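Asker: Next up is a structure, given as structure tokens.
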Amino acid sequence: MPASVPWWKRTTVYQIYPRSFADGNGDGVGDLSGILGKLDYLQALGVETLWLSPFFQSPQADFGYDISDHLAIAPEYGTLADVRALIHAVHARGMKIVFDMVLNHTSDEHPWFLDAQKGRGAAKRDWYIWRDGRKPAGKAPPNNWRSMLGGSGWHYHDASDQWYFASFLGFQPDLNYRNPAVKAAMLGVVRHWFAEGVDGMRLDIFNALFKDAAFSDNPFSWRPVPTESNPHGYFQRHVHTIDHPDTLAFARELRQVVDEFSDPPRFLVGEVFGDATTLRSYCGEAADGLHLVFLFETLTAPLHGRAVRKLIRDFEAAFPEPFSPTWVFGNHDRPRLSVRVRGQAAKAKLLAALQLTVRGVPFLYYGEEIGMENHAVPLHEGLDPVAKRFQLVPQPLVAWFRRRGILLNRDECRSPMQWTGAGNGGFTPPGVTPWLPLHRNSHTVNVAAQDADPDSLLACYRLLLALRRAEPALQAGALRWLDELALPPDVVAFSRELAEDPPRNVAVFLNFAAAPVTLDLGSLAGRVMVSTRTGARLPVAPRYALQGHEALVVVAA
Ligand code: GLC
């Protein structure tokens, strides 16, 4: 392995939604001690870096993405001692831990915002974005800026007769990054957690940090809703509210802060949206910005050979060395991967093989490894604040959004982790009411059931993750298309190549069609192959009948 490849480019990340992962104290809500108790499982699974959604002090109106104290831990998740114990235990296993930083906004119950509401002259007033309304009478919002969920992003504050801006929901007021005191305070938060030993940060809606200083109206657009490659929508182009040049400059400033912590190096991954070029701009021209950004097109791209090849090609073009793409098939905001593959295990295995062999950093979402499904919850029963906001949307429109990969009730992808077939799925003791109901399939779809089954999805993930850990070419090799094999368009074939002495390479064949294909592997003699269908490690035979939706990985013996 070339020493110059930093660990965060070679790693695999597993996202834990702490509330739903494991309940250590039996109150129905997942917590830090629950996670601590599952480290053996995670290590055996073979993931290397754990990303935890926020567990800081919060009224939990957006389940932690509304922080009221960035340095304190919400009691339902544990204590600072629990956080330290977790960091220590993760490191003791040679693993890494990433925190989720919400820099853009705070909770409206944050002491800063409570102070800011005291009036126009309050000490922390200018820590948020306040404006007079439009005349006459100031009763219209200051300008046309919309929130990321549609509707005006401005919220009227009666007592001071002014409006404050929120990129997301009204109880998440945006911080004013044009105030140097805000920037200093938030960089202080970042330094604080890195000093505690955290290995990286996932940056929540990073693209929204800076807005136009002149508060100009956003221009009109015909786009009704945002898509993965184009965040503009709700009939405007958000040119003055997202991707502001000052946000890109801030990415570089933040990078310098992160680089203060070099032993070991740390990393940043940004939640930003847009086309590959926009996304890349967050990493800086000279790779001096965010280390990684999420590429969410994977969440909605069609799953056939041509589309997958295009995805890889686009990512390769936009993120050449020293940049690195990311591969994501689910998170706490999106429909689960099992929806995309319609619960077909072979297809889930195929996507796992793609994610874990293609060039880039894979991000797995908890439960993906056992094929957990979305748990349909009617909008009006949703605890998710986004569900509450869209409660009046008629069902056909909900379905329309869903088809575009937009989940209006994010409870659906946050149901508790299914550990066993027992009551409450081993998430919380039987008899306790979990914060969200378990999926009804938890009796059959669970870790315990798949643990000993060599054909299970879990076994397949373990196999692929072990392969990736063992094969430097899969962690750091360049990607080369195996075009010379002239395979049918639905077979995506590439090799990962590392120019070492001796050179290492791994060939990957992904069959996105249902029809079998015969592969001529004559030139790959002396190697072994691993199949997502059989799991077996077999010597390469000259010809191999690749079945429908099967992935084959051929590695040096
Ligand atoms: C991000 C988070 C989402 C949260 C929102 C507001 O998109 O992923 O869960 O609700 O930001 O913080």
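Asker: Could you tell me whether any residue of region 334-356 is surrounded by fewer than 22 Cβ atoms within 10 Å (Cβ to Cβ), out of contact with any Lys or Arg (no Cβ under 7 Å at 6 or more places or on another chain) and on the phi > 0 side of the Ramachandran plot?
Answerer: Within region 334-356, one or more residues are surrounded by fewer than 22 Cβ atoms within 10 Å (Cβ to Cβ), out of contact with any Lys or Arg (no Cβ under 7 Å at 6 or more places or on another chain) and on the phi > 0 side of the Ramachandran plot.
Asker: Please determine, by comparing only the residues of region 138-193 that are part of a loop (DSSP other than H, G, I, E, B) and among the basic types (Lys, Arg), which one is nearest to the ligand (Cβ to nearest atom).
Answerer: In this case the residue turns out to be Arg178.
Asker: Before we move on, is Asp199 modelled with pLDDT of 95 or more and within 15 Å of the ligand (Cβ to nearest atom)?
Answerer: So Asp199 does not fit the description; no.
Asker: Moving on to the next point. I'd like the residue in region 434-483 that is over 30 Å from Ala557 (Cβ atoms) and of a type in the set (S, T, N, Q) and, out of all such residues, is most open to solvent (accessible area, probe 1.4 Å).
Answerer: Going through the qualifying residues, I end up with Thr444.
Asker: Ok, one more. Go through the residues of region 56-77 one by one and say whether even a single one is in contact with a Gly (Cβ under 7 Å, 6 or more places away or on another chain), closer than 28 Å to Arg462 by Cβ, surrounded by 16 or more Cβ atoms within 10 Å (Cβ to Cβ) and in the same structural domain as Gly423 (by TED's automatic domain parsing).
Answerer: No - not one qualifying residue is present in region 56-77.
Asker: Can you tell me which residue within region 261-276, out of those that are modelled with pLDDT of 95 or more and either open to solvent by less than 20 Å² (accessible area, probe 1.4 Å) or not assigned by TED's automatic domain parsing to the domain that holds Pro325 (or both), is farthest from the chain's Cα centre (by Cα)?
Answerer: Phe267
Asker: Within region 512-557, work out how many residues are assigned to a loop (DSSP other than H, G, I, E, B), of a type in the set (A, V, I, L, M, F, W, C) and loosely packed, with under 15 Cβ neighbours inside 10 Å.
Answerer: Number satisfying all stated conditions: 6.
Asker: Restricting to region 80-131, and then to whatever is open to solvent by 30 Å² or more (accessible area, probe 1.4 Å) and within 16 Å of the ligand (Cβ to nearest atom), can you tell me which residue is farthest from Asp204 (Cα to Cα)?
Answerer: Glu109
Asker: If you go through region 279-310, how many residues are more than 16 Å from the ligand (Cβ to nearest atom), among the hydrophobic types (A, V, I, L, M, F, W, C) and surrounded by fewer than 22 Cβ atoms within 10 Å (Cβ to Cβ)?
Answerer: Number of matching residues: 6.
Asker: Give just the number: which of (1) part of a helix (DSSP H, G or I); (2) over 23 Å from the mean Cα position of the chain (by Cα) does Arg468 not satisfy?
Answerer: That leaves (2) as the condition not met.
Asker: Return the residues of region 322-342 that are charged (D, E, K, R) and either out of contact with any helix residue (DSSP H, G or I) (no Cβ under 8 Å at 6 or more places or on another chain) or within 14 Å of the ligand (Cβ to nearest atom) (or both); say none if nothing qualifies.
Answerer: If the condition is that a residue be charged (D, E, K, R) and either out of contact with any helix residue (DSSP H, G or I) (no Cβ under 8 Å at 6 or more places or on another chain) or within 14 Å of the ligand (Cβ to nearest atom) (or both), then Asp333, Arg334, Arg342 are the ones that fit.
Asker: Within the set of pairs 6+ apart or on separate chains, which have a first residue in region 307-333 that is within 30 Å of Asn409 (Cβ to Cβ), a second that is in a helix (DSSP H, G or I) and of a type in the set (Phe, Trp, Tyr), and C-beta atoms under 9 Å apart?
Answerer: As it stands, the answer is Pro325/Phe315; Thr326/Phe315; Trp327/Phe315; Val328/Phe296; Asn331/Phe296, since those pairs meet every condition given.
Asker: Within region 230-252, identify whether any single residue is under 19 Å from Glu321 (Cα atoms) and either open to solvent by 50 Å² or more (accessible area, probe 1.4 Å) or of a type in the set (D, E, K, R) (or both), and answer yes or no.
Answerer: Yes: region 230-252 contains one or more residues that are under 19 Å from Glu321 (Cα atoms) and either open to solvent by 50 Å² or more (accessible area, probe 1.4 Å) or of a type in the set (D, E, K, R) (or both).
Asker: Of the conditions (1) small (Gly, Ala, Ser); (2) part of a loop (DSSP other than H, G, I, E, B); (3) within 21 Å of the chain's Cα centre (by Cα), Ala251 clears all except one; give me its number.
Answerer: Looking at each condition in turn, Ala251 falls short on (2).
Asker: Does Val258 count as under 24 Å from Trp193 (Cα atoms) and within 16 Å of the ligand (Cβ to nearest atom)?
Answerer: Spelling it out, it is not the case that Val258 is under 24 Å from Trp193 (Cα atoms) and within 16 Å of the ligand (Cβ to nearest atom).
Asker: Follow-up question, since we're still on this one. Within region 206-217, can one find any residue that is open to solvent by less than 10 Å² (accessible area, probe 1.4 Å), over 12 Å from Thr241 (Cα atoms) and assigned by TED's automatic domain parsing to the domain that holds His291?
Answerer: no
The values are calculated or read from the model by the stated rules, or taken from the named source; none is laboratory data. No experiment lies behind these values; they were computed from the predicted model shown. Positions of Cβ are backbone-derived with ideal geometry, glycine not excepted, and every protein chain shown enters the neighbour counts. Note: accessible area is taken over every heavy atom of the protein model, side chains too, but ligands, DNA and RNA are not part of it. Shrake-Rupley method; radii C 1.70, N 1.55, O 1.52, S 1.80 Å.
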